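Trainee: I have a structure here, written as C-alpha cells, and I will follow up with some questions on it.
The values are calculated or read from the model by the stated rules, or taken from the named source; none is laboratory data. Treat the numbers as computed from the prediction; the structure is a model and nothing was measured. Cβ coordinates were reconstructed from backbone atoms using ideal geometry, including for glycine residues, and neighbour counts include every protein chain displayed.
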Amino acid sequence: MSTDDARLAMLQKLERIRTQLPHIDWIVDDARVKRLSQDYFWFSPVLKRLFDDKQADAVARPRNEEEIRKVVSACVREGVPLTVRGGGTGNYAQSTPLAGGLVLDLSRFDELLWVRNGVGRAQAGIRLSEFDEQARPQGWELRCLPSTFRMATLGGLFGGGFGGVGSITYGPLGAPGNVLAIKVMTVEAEPRIVELTGPEALLLHHGYGTNGIVLELEVALAPAHPWLENIIVFDDFDRALDCGQALAQAPGIIKKSVTVLADPVPGYMTALQTFLPAGSHALLVIVAEFNEAAMKQIVADFGGRITYRQDMEQVRATRRTLVEYAWNHTTMHALKVDRSLTYIQCSFQPGRNLEQVRTLRKLLGDEVLTHVEFLRLRDGTLTCNGLPIVRYTTDERLDEIMQIYRDHGVGVANPHVYVVEDGKQGQINPAVVMKKVAFDPHGLLNPGKLRGWEIRDQIIAAHAEA
C-alpha cells in the first residue's frame, strides 16, 4: 500500500470513530493537528530534521475517564495508533507520532482529586502550576518540577520527564518514595483499569507513554515554604562552582534550586541583563526565605555578590521566576538568541563532580558552555548534572563531544535520540516491555519509540521460562 493510500485508510478509520463518538472534542484542522503533534524536539538539530514533517491525523481531547475509555476502545477496534500528550513540553519527540494516527490530548483531564497528610492525587492532565496553586493553601507543594511547570502536566512529567527544581532535595521523580501509585488504562477493545504502586508503577516512568495510559498519579509532596530567589555573580568561575557546591550541601539550608552558569551563558538571559554584569559567572539560587542569612554568609565566604532578590509575593506580582531560567529553560533562552546552539545532558560522579566540570570546561573551551544543576541522585548522594550548551557544527562532532564526556567518567543521556532505550533508560528493560505486552498487546501506543517491543517474543519466552 502506498503512503497516500495508507493515509487515506487511516483518515477513513478516524472518520468512522468520530461518527461513533460525536460528543468527543475532536480536532482535525491540519494546522492545529500539526501543532498538537509536536513538542520541543527542535532543541535538537538532529531530531528537528527527523520529526519536522511528522504529525498525527487527528487529535481527541476527552474530558473524563469514560470518554477516554470510548476513544481507546474505538482505536483498538480500528487499529489506530495512539500517542498520549500532556502539555507538549518534552524535548525528545515523546509526544510526536512516528506512525500518524490519533493524538490523545489529556490536558482537559485535569482535576486535583485530593491532598492529605503530605500526599496528593490528581488526574494526569493537571498542569504542575495548577497542582501547586491548589495544594499550597493546605501547606504542600510538588517535590520537584521542570522549568516548564506552567505548561507541563503531571502525567507528562511522569511519562517523559526527569525532575528539575526541587531535585536538589528530593532527587529525580523516579527516586523511591516520590511517586506512590498510578492508575493505568489498558489499550484493549475493552480497556481495563489497573492500579500500580511502588517500583511497579515506575515501569511506566519515562517511557514516553509507550506501555500504558496513565490516568491518575499519587505523589508524595513537600512542605510549601516561602521561597526566596537570588542571582549571585562572581568574577571567577571556580569560586562560583565551589559556592554552588557549598550551598547545595549545606544541610541546614532548605533549598529548591542551585544553578551555575559560566560566562558567556548569563549573556543569553536578556531579560535579566541588569543583574548580570558582562563577563560574570552566575548562580541562580532559590532557598527558604528564613535561610537568607545563612545563604548570605556562604556567598560572602566565596566572594559572591547578590544582585537580585525576589520573595514569593514579588514573584507573584511580576510573574517572573528564576525557575524559568534554570534547567532546560537556560537552553531555551540561549536558543532565542542563537538558533544554531543545542545542548547535551550529563551526570557527574559524586565526589569527582567539580573536578570533572572544571576539566571538561578547560578541554572544550568556548565550544561547550558550562551549565550545572546540583541535585541528589536516586540514592540520595549529592552531585550535579550538566546541561551544557553546545555550539553545534555537525552530528559527528556532537557525538564526539558526548564521547569526550563519557571518556572522562561522566554519564551522558543523549537528548538527540527518540527511542526510549537510546536515551535515559540506556538499554532494553524486559520488565518495561512486559508491561506493554500486558497493557498494550496490539502495540498501538506511540509505536516506534520502544526498541524492546521488536524483540517481545524473546522477552515473553524468557519470562515464561523464569
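Trainee: Just checking, does the stretch 25-34 include any residue being closer than 30 Å to T393 by Cβ and surrounded by fewer than 23 Cβ atoms within 10 Å (Cβ to Cβ)?
Mentor: Among the residues of the stretch 25-34, at least one is closer than 30 Å to T393 by Cβ and surrounded by fewer than 23 Cβ atoms within 10 Å (Cβ to Cβ), which makes the answer yes.
The rows are residues; the columns are (1) closer than 30 Å to I182 by Cβ; (2) touching a Lys or Arg at 6+ places or on another chain (Cβ under 7 Å).
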site: H205; (1), (2): yes, no
site: G212; (1), (2): yes, yes
site: W227; (1), (2): yes, yes
site: D235; (1), (2): no, no
site: C243; (1), (2): no, no
site: A246; (1), (2): no, no
site: G252; (1), (2): no, no
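Trainee: All but one of (1) under 19 Å from the mean Cα position of the chain (by Cα); (2) surrounded by 21 or more Cβ atoms within 10 Å (Cβ to Cβ); (3) not acidic (D, E); (4) not in a strand (DSSP E or B) hold for R378, so report the exception by its number.
Mentor: For R378, the failing item is (2).
Trainee: Let me ask something else. Go through (1) part of a loop (DSSP other than H, G, I, E, B); (2) surrounded by 15 or more Cβ atoms within 10 Å (Cβ to Cβ); (3) among the β-branched types (V, I, T) and name the single condition T393 misses.
Mentor: (2)
Trainee: Any idea how many residues of the stretch 101-125 are surrounded by fewer than 23 Cβ atoms within 10 Å (Cβ to Cβ) and either within 30 Å of T3 (Cα to Cα) or of a type in the set (D, E) (or both)?
Mentor: The total comes to 2.
Trainee: Based on what the data block shows, is V433 touching a Gly at 6+ places or on another chain (Cβ under 6 Å), crowded, with 20+ Cβ neighbours inside 10 Å and either not in a helix (DSSP H, G or I) or not charged (D, E, K, R) (or both)?
Mentor: Taking the combined requirement at face value, the residue satisfies it.
Trainee: I'd like to check something: does the stretch 140-152 contain any residue that is under 14 Å from L217 (Cα atoms) and outside any loop (DSSP other than H, G, I, E, B)?
Mentor: yes
Trainee: Given the residues R319, R361, R339, which is the only one that is among the charged types (D, E, K, R), at pLDDT below 95 and either within 18 Å of D263 (Cβ to Cβ) or surrounded by fewer than 21 Cβ atoms within 10 Å (Cβ to Cβ) (or both)?
Mentor: Sole residue among the options that is among the charged types (D, E, K, R), at pLDDT below 95 and either within 18 Å of D263 (Cβ to Cβ) or surrounded by fewer than 21 Cβ atoms within 10 Å (Cβ to Cβ) (or both): R319.
Trainee: Out of the residues in the stretch 323-342 that are assigned to a helix (DSSP H, G or I) and polar (S, T, N, Q), which is farthest from K255 (Cα to Cα)?
Mentor: Going through the qualifying residues, I end up with T331.
Trainee: Any idea which residue in the stretch 1-24 is nearest to R397 (Cα to Cα), counting only those that are part of a helix (DSSP H, G or I) and touching a strand residue (DSSP E or B) at 6+ places or on another chain (Cβ under 6 Å)?
Mentor: L14
Trainee: Those residues that are surrounded by 16 or more Cβ atoms within 10 Å (Cβ to Cβ) and free of Cβ contacts under 8 Å to residues at least 60 places away in the same chain, I need them from the stretch 364-375; list them, please.
Mentor: L364, V368, listed by residue number.
Trainee: So, in the stretch 274-293, how many residues would count as being farther than 20 Å from L375 by Cβ and of a type outside the set (S, T, Y)?
Mentor: Selection size over the stretch 274-293: 9.
Trainee: Quick one: in the stretch 150-166, which of the residues that are touching a Ser or Thr at 6+ places or on another chain (Cβ under 8 Å) and within 23 Å of T383 (Cα to Cα) is surrounded by the fewest Cβ atoms within 10 Å (Cβ to Cβ)?
Mentor: Checked the stretch 150-166; the qualifying residue surrounded by the fewest Cβ atoms within 10 Å (Cβ to Cβ) is G166.
Trainee: Something else: Quick one: how many residues across the stretch 133-149 are in contact with a strand residue (DSSP E or B) (Cβ under 8 Å, 6 or more places away or on another chain) and buried (at least 19 other Cβ atoms within 10 Å of the Cβ)?
Mentor: Of the residues in the stretch 133-149, 10 are in contact with a strand residue (DSSP E or B) (Cβ under 8 Å, 6 or more places away or on another chain) and buried (at least 19 other Cβ atoms within 10 Å of the Cβ).
Trainee: Kindly list, by first and then second residue, each pair from a residue in the stretch 127-139 that is closer than 18 Å to G155 by Cβ to a residue that is part of a helix (DSSP H, G or I) and among the basic types (K, R), limited to pairs with Cβ atoms under 6 Å and residues at least 6 apart or on different chains.
Mentor: none
Trainee: If you scan the stretch 167-177, which residues turn out to be assigned to a loop (DSSP other than H, G, I, E, B), buried (at least 21 other Cβ atoms within 10 Å of the Cβ) and touching a helix residue (DSSP H, G or I) at 6+ places or on another chain (Cβ under 7 Å)?
Mentor: Passing the criteria: only L173.
Trainee: Still on this structure: I'm trying to understand the selection: among the residues of the stretch 219-243, which are within 29 Å of L154 (Cβ to Cβ) and not polar (S, T, N, Q)?
Mentor: Selection gives V219, A220, L221, A222, P223, A224, H225, P226, W227, L228, E229.
Trainee: Between residues in the stretch 343-359 that are outside the structural domain of L377 (by TED's automatic domain parsing) and residues that are assigned to a loop (DSSP other than H, G, I, E, B), which pairs lie under 9 Å by C-beta distance while being six or more apart or on different chains?
Mentor: Matching pairs, first to second residue: none at all.
Trainee: Given the condition part of a helix (DSSP H, G or I) and either within 18 Å of G160 (Cβ to Cβ) or β-branched (V, I, T) (or both), answer yes or no: does some residue in the stretch 73-82 qualify?
Mentor: Checking the stretch 73-82: at least one residue is part of a helix (DSSP H, G or I) and either within 18 Å of G160 (Cβ to Cβ) or β-branched (V, I, T) (or both).
Trainee: Criterion first (in a loop (DSSP other than H, G, I, E, B), touching a Leu at 6+ places or on another chain (Cβ under 6 Å) and touching a residue at least 24 places away in the same chain (Cβ under 8 Å)) does A99 satisfy it?
Mentor: When the stated conditions are applied, A99 does not pass them.
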